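**Q** The structure's right below; bear with me while I get my questions together.
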Amino acid sequence: MSTFSRFKSRSLGPLRLLFLSGFVLLASCGGGSSDVAGAAADSTDPLAAASRRTTGADAAAGEALFRSTCSGCHTFGRGKHLGPDLANRAQDGWVRNFLRDPAKATADTGYGQRLLAEWGYLMPDFGLSEPDIANLLAFFTRQDGLGPLQPSAPAELTPTDFEQTKNLYFNRCAGCHGLYRKGATGPDIGQQRSQWIGTDGLGALLRHGTPRGMPDFGTSQILDESEISRLAAYLQLAPPEPPLLPMSEIQASWKLLVAPEQRPSAPQHALNWQNFFGVIERDAGKVSIFDGDTLQPVVRLDVGFAVHILRSSATGRYFYAIGRDGLVSLIDLWATVPNVVATVKGCHDARSVESSRFEGYEDKYLVEGCYWPPQYVVFDGLTLEPLARNDLPMDSIDGETLPEVRVAAIVAPRSEPLWVMALKESGFVALVDYTQPGFPLVANIAAERFLHDGGWDHSGRYFIVAANARNKLAVIDVKERKLAATVDTGTTPHPGRGANWLDPEYGWVNATTHIGEPKVSIYGADPQGRPDVAWRVVREVTLPSAGSLFLKTHPDSPWVLFDMTLSTTNSRQVCAYSKASGTVDRCFDVARNGKAVHFEFSQDGSRVWVSDWAVDGALVVLDGSTLEEVARLGGLQTPTGKFNVHNTVHDIY
Ligand code: DHE
């Protein structure tokens, strides 16, 4: 259960909105449904009747189709959005051909090429039928005579609807768009912009997603039509104020289940725990631990809501799991059967934790960075007893005071007693010194706004973090405590922790995939050894599709692997890049039931694990050299991230 039910609601009672006259969109003109409320002008509409008489097509059905699907990206007479405005195009023969086969019409014509260059992505082919296309064109003709198409009125939300939709927004949308909806990984969908996009456009976006990374929540059946309708209405209202989480409540949430003195002083099983894989079962709120040597399950444990990732303690003995509800769970891998030995909740919403790793501080402290409230909380690493709660600075690198600053990636160097925290909205990378009383923030390095995920270079000196809404990576020199460089890569870089390998031509490199375009950018990452190419893109690799979330390698692997999880066409596939040849060697299907997501190598790099992310999901274990399937471990509910103890402790990626 989300814990956001304590949000204060500003909006009570049934609500109706005034709409701004506006503009917006073309990228997902999808198929067939005509079930949208308020869609069609009815059969008494004389223009529609005239259109039916002359063409046999049904303008009202075309309008319904436009509202339910096309309006996610296009407006009619209200201006550009994610694609061109579709007014005054009805007589354009190219549009009919384009709707029949977007890829062909784009490839075959100069006009198509120009549109592609302007918009940067191709509209997916939704397989529209000839009657669908005729109806759309009839609607365009009729609407050209009527003027701009205004969005439908939003649904009325009762107080109960509002509360439920607030939690739905928190669970499904806030991670990318922010609690105040100002955007970060996803775009601004604040009240004003949402009113402009309108009820139909918001509904279509929620239903079909976009080629730029918005998931298709409707067609993938994560949200039903009623939820889509309520969310489209909720987004057009002011966001409610989220609650704070003071230290007293954090302390009250702390549960020490097995005290350190009751825990074993040596592993109580003969398994190779350093090759354990902790596997996130996201929607189940569970972590499954597998033995990486035998591929046998070891245990399945309850952790936080919509659990996100695991991090290892500095020695590797413990896993820390972080739930999206801010619940941290401490898992002891030395117990006879690994178990949760403590829990605590330092945030209402969180994505990351990291342990203290400097010599003398191994396993001593843990930091949890919050998505909400804007704070970080430090715990005892062995008990999770809360030790300090500190507010984040709320000013951005541009000097603006923000309502929301979220802690995104956190890393901890071995060389200094620091946590390095990417502050998403503000664009600072903050350093916290855990040797000082109160665990203060000791440096705030201006980097780039909308920081998200990142990891270390091969030497462990540079923290490379994506500013994904700025299409850049920021490189932080942690030793010198300064921004070393920014690298322009592509649309919405998403490296996970990135990947480090020795390129035969350019020396040490690091790389990122992208959500928004089918590209991997590889850049020099050795300013000491190869200053000529340091932090410069040296290779660009084209993938079959955009929508990639993760890449990964291992020093003993000849491959770097990429997923395309958010792709509408290739989400089951992964691609293998050959370090030796500098090219993609092959792309192949891995997932059977869902989407292929995230990689983790075994301790020795001889195998690589990929998730088949589905309700009836699986872990697919591939041979590290041949990439042939070794095993498919089924029975997992929505498996996502996987974390090998050895590789997580030693930053092997
Ligand atoms: Fe993640 C890493 C945030 C959605 C799986 N994700 C990260 C990190 C951040 C982040 C800040 C870096 C943590 C670190 O290294 O300290 N993730 C977010 C979001 O805000 C976002 C976009 C939306 C949300 O609501 O949470 C989001 N993440 C997802 C997913 O949908 C994924 C694919 C599955 C899931 O959990 O729902 C997902 N994120 C992961 C994984 C990592 C991760 C597996 C760690 C990668 C690694 O190898 O370290």
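**Q** Which members of segment 309-360 meet the condition of being of a type in the set (Asp, Glu) and in contact with an Asp or Glu (Cβ under 8 Å, 6 or more places away or on another chain)?
**A** Of all residues in segment 309-360, those of a type in the set (Asp, Glu) come to 325, 332, 349, 354, 359.
The answer is ASP325, ASP349.
**Q** Which residue is nearest to THR75 (Cα to Cα), if the candidates are limited to segment 107-136 and must be in a helix (DSSP H, G or I) and touching a residue at least 60 places away in the same chain (Cβ under 8 Å)? Let's see the steps before the verdict.
**A** Taking segment 107-136 and keeping what is in a helix (DSSP H, G or I), we get 107-108, 110-119, 130-136.
When the remaining residues are screened for being touching a residue at least 60 places away in the same chain (Cβ under 8 Å), the result is 119, 131-132, 134-136.
On the way: TRP119: 15, PRO131: 21, ASP132: 18, ALA134: 19, ASN135: 17, LEU136: 13 Å.
Going through the qualifying residues, I end up with LEU136.
**Q** Now for a different question. Which members of segment 473-504 meet the condition of being in a strand (DSSP E or B), closer than 17 Å to VAL520 by Cα and either more than 16 Å from the ligand (Cβ to nearest atom) or within 14 Å of the chain's Cα centre (by Cα) (or both)?
**A** The first filter runs over segment 473-504 and keeps only residues in a strand (DSSP E or B), leaving 473-477, 482-488, 493, 500-503.
In the following step, the residues that additionally are closer than 17 Å to VAL520 by Cα were identified as 473-474, 486-488, 493, 500-503.
If the condition is that a residue be in a strand (DSSP E or B), closer than 17 Å to VAL520 by Cα and either more than 16 Å from the ligand (Cβ to nearest atom) or within 14 Å of the chain's Cα centre (by Cα) (or both), then THR486, VAL487, ASP488, PRO493, LEU502, ASP503 are the ones that fit.
**Q** Need at least 3 residues that are more than 16 Å from the ligand (Cβ to nearest atom) and touching a helix residue (DSSP H, G or I) at 6+ places or on another chain (Cβ under 9 Å) per element, so show me which strands (runs of 3 or more DSSP E) inside segment 362-440 make the cut, counting only ones lying wholly within it.
**A** Numbers: elements: 365-372, 375-380, 386-391, 407-411, 418-423, 428-433.
Counting at least 3 such residues, we get 386-391.
**Q** State all residues of segment 596-630 that are out of contact with any Pro (no Cβ under 8 Å at 6 or more places or on another chain), within 13 Å of the ligand (Cβ to nearest atom) and under 17 Å from LYS552 (Cα atoms); if no residue qualifies, say none.
**A** If the condition is that a residue be out of contact with any Pro (no Cβ under 8 Å at 6 or more places or on another chain), within 13 Å of the ligand (Cβ to nearest atom) and under 17 Å from LYS552 (Cα atoms), then ALA596, VAL597, HIS598, PHE599, GLU600, PHE601, VAL608, TRP609, VAL610 are the ones that fit.
**Q** Further, regarding this structure: Take the residues in segment 631-653 that are hydrophobic (A, V, I, L, M, F, W, C) and crowded, with 16+ Cβ neighbours inside 10 Å; name whichever of them is farthest from the ligand (Cβ to nearest atom). Reasoning before the result, please.
**A** If we filter segment 631-653 for residues that are hydrophobic (A, V, I, L, M, F, W, C), which is where we start, we get 631, 633, 636, 643, 645, 649, 652.
Now restrict to residues that are crowded, with 16+ Cβ neighbours inside 10 Å: 633, 636, 643, 645, 649, 652.
Working: LEU633: 17, LEU636: 13, PHE643: 7, VAL645: 13, VAL649: 13, ILE652: 11 Å.
Restricting to residues being hydrophobic (A, V, I, L, M, F, W, C) and crowded, with 16+ Cβ neighbours inside 10 Å, the top hit is LEU633.
**Q** How do the pairs read when you match residues in segment 222-241 that are closer than 28 Å to THR638 by Cα with residues anywhere that are among the aromatic types (Phe, Trp, Tyr) and surrounded by 20 or more Cβ atoms within 10 Å (Cβ to Cβ), using Cβ under 6 Å and keeping only pairs 6 or more apart or on different chains?
**A** Taking only residues 6 or more apart or on different chains, the pairs are LEU223/PHE217.
**Q** Any idea which of TYR506, TYR462 is at pLDDT 95 or above, surrounded by 21 or more Cβ atoms within 10 Å (Cβ to Cβ) and among the hydroxyl-bearing types (Ser, Thr, Tyr)? Give the steps one after another, and end with the answer.
**A** Details: TYR506 fails: surrounded by 21 or more Cβ atoms within 10 Å (Cβ to Cβ).
Exactly one of TYR506, TYR462 is at pLDDT 95 or above, surrounded by 21 or more Cβ atoms within 10 Å (Cβ to Cβ) and among the hydroxyl-bearing types (Ser, Thr, Tyr), namely TYR462.
**Q** Let me ask another. Would it be correct to say that SER567 is within 15 Å of the ligand (Cβ to nearest atom), of a type outside the set (Val, Ile, Thr) and at pLDDT below 95? Reasoning before the result, please.
**A** Numbers: within 15 Å of the ligand (Cβ to nearest atom): yes; of a type outside the set (Val, Ile, Thr): yes; at pLDDT below 95: yes.
So SER567 fits the description; yes.
**Q** Out of segment 301-319, which residues are modelled with pLDDT of 95 or more and near the ligand (Cβ under 9 Å from one of its atoms)?
**A** To start, the set of residues in segment 301-319 that are modelled with pLDDT of 95 or more comprises 301-303, 307-319.
Residues satisfying the conditions are VAL307, HIS308, ILE309, LEU310, ARG311.
**Q** A further question follows. Restricting to segment 293-317, count the residues that are in a strand (DSSP E or B), within 16 Å of SER352 (Cβ to Cβ) and out of contact with any helix residue (DSSP H, G or I) (no Cβ under 8 Å at 6 or more places or on another chain).
**A** If we filter segment 293-317 for residues that are in a strand (DSSP E or B), which is where we start, we get 297-302, 309-312.
Now restrict to residues that are within 16 Å of SER352 (Cβ to Cβ): 309-312.
In the following step, the residues that additionally are out of contact with any helix residue (DSSP H, G or I) (no Cβ under 8 Å at 6 or more places or on another chain) were identified as 309.
Going through segment 293-317 one residue at a time, the tally reaches 1.
Yes or no, residue by residue, for (1) touching a helix residue (DSSP H, G or I) at 6+ places or on another chain (Cβ under 6 Å); (2) farther than 28 Å from SER229 by Cβ; (3) assigned to a loop (DSSP other than H, G, I, E, B):
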residue	(1), (2), (3)
LEU82	no, no, yes
ASP85	no, no, yes
ALA90	yes, yes, yes
LEU99	yes, no, no
ALA105	yes, yes, no
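The values are calculated or read from the model by the stated rules, or taken from the named source; none is laboratory data. Everything numeric here is computed off the predicted structure, so don't read it as measured data. Neighbour counts run over all protein chains shown; Cβ positions are idealised from the backbone, glycine included.
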